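K.L.:
One structure is given below, represented as structure tokens, and several questions about it will come after.
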Amino acid sequence: MSEEPLILVERDEGVATVTLNRPQVKNAMSRALLKQLEITFDELAGDPGVEVMIITGAGGDAFSAGLDLKEMPQAEGLAAAAFIEEMIRTIRDPINALRRFDRPVIGAINGVAITGGLELALNCDILLASENARFADTHTKVGVPPGWGMSQLLPRAVGIRKAKEMSFTGRLVSAREALQWGLVNQVFPLAELMPAACQMAAEIRTRIPQMVKHFKKVIDGGMGKSLDDAWAYELQEFEGYLNRMLSH
């Protein structure tokens with residue numbers, strides 16, 4: 001009997017839905033799953049027929065509980081160092097691949113999104129959550145530093161004080177709190193979450209694809225700049241866009 005795939009991918013009219021598929025362990029991300037995520041994101045990034053990606057988790061109680069801590073080594077010294085070196089490479093790659101996907105990414109947060117699961121969610125462009133979704137950063141509990149952008153993306157999403165509260169305490173934040181804090185865009189009953197994500201993806205697909213990609217680029221590209229520099233960056237990209245249009 002063959003094992004279930006770690007990642008499920010469905011394509012439907014320009015929308016690719018990527019599902020983390022380890023519901024028996026709350027979609028915890030093993031090294032094998034991380035590698036499959038990297039491969040999947042790169043394949044979708046290279047597919048011009050995919051205009052929007054949706055990321056979600058299998059089952060009704062977890063988007064992802066984060067890294068599979070059962071894979072953390074008990075050994076010390078060289079064995080542990082070799083494992084950590086491998087994990088640094090493995091962990092970095094899926095997020096780099098996701099960031100290479102230059103079209104909108106909707107996170108459909110169906111349940112808990114904890115630590116690495118929350119970081120994966122934060123790397124999405126839009127977050128929709130079910131009413132039973134919960135969010136937590138437990139890096140300070142497990143003793144593993146962030147590597148997927150938690151220290152930078154969470155403060156940008158909820159503000160520096162709320163981010164510090166989440167990261168210092170590691171407490172669970174409800175879907176309603178997440179909505180109030182600006183961590184998620186909208187909250188739905190679980191049964192309505194994926195239809196809502198698909199409806200939003202379909203709405204995005206009615207817009208001019210190149211303009212949607214342009215907005216993603218300039219919004220993300222300007223986030224780390226001062227307002228004056230970001231404004232200049234927008235104008236630079238505006239001129240570049242027009243020049244490319246005229247050259248065709």
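K.L.:
Could you check Arg31 against (1) among the basic types (Lys, Arg); (2) more than 16 Å from Ala121 (Cβ to Cβ); (3) modelled with pLDDT of 95 or more and say which number it fails?
P.N.:
All conditions are met except number (3).
K.L.:
Within the group Gly111, Gly77, which residue is over 15 Å from Val18 (Cβ atoms), over 10 Å from the mean Cα position of the chain (by Cα) and at pLDDT 95 or above?
P.N.:
Sole residue among the options that is over 15 Å from Val18 (Cβ atoms), over 10 Å from the mean Cα position of the chain (by Cα) and at pLDDT 95 or above: Gly111.
Condition check ((1) under 26 Å from Phe63 (Cβ atoms); (2) within 20 Å of the chain's Cα centre (by Cα); (3) not assigned by TED's automatic domain parsing to the domain that holds Thr19; (4) not aromatic (Phe, Trp, Tyr)) across all residues:
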| residue | (1), (2), (3), (4) |
| --- | --- |
| Met200 | yes, yes, no, yes |
| Phe215 | yes, yes, yes, no |
| Asp220 | yes, yes, yes, yes |
| Met223 | yes, yes, yes, yes |
| Leu227 | no, no, yes, yes |
| Ala230 | no, no, yes, yes |
| Leu235 | no, no, yes, yes |
| Glu239 | no, no, yes, yes |
| Leu242 | no, no, yes, yes |
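K.L.:
Ok, one more. Do you know which residues across region 35-64 are farther than 16 Å from Phe101 by Cα, modelled with pLDDT of 95 or more and not in a strand (DSSP E or B)?
P.N.:
Hit for region 35-64 is Ala58, nothing else.
K.L.:
Going through Ile160, Ile126, Ile208 one at a time, which residue ends up being surrounded by 17 or more Cβ atoms within 10 Å (Cβ to Cβ), among the aliphatic types (A, V, I, L, M) and more than 23 Å from Val25 (Cβ to Cβ)?
P.N.:
Ile126
K.L.:
Which of the residues that make up region 91-108 are among the β-branched types (Val, Ile, Thr) and modelled with pLDDT of 95 or more?
P.N.:
The answer is Val105, Ile106.
K.L.:
Please indicate, with yes or no, whether at least one residue in region 22-30 is surrounded by fewer than 17 Cβ atoms within 10 Å (Cβ to Cβ) and closer than 21 Å to Thr206 by Cβ.
P.N.:
no
The values are calculated or read from the model by the stated rules, or taken from the named source; none is laboratory data. Given the structure is predicted, the values throughout are model-derived calculations rather than measurements. With ideal geometry, Cβ positions are generated from the backbone for all residues, glycine too; neighbour counts draw on all protein chains shown.
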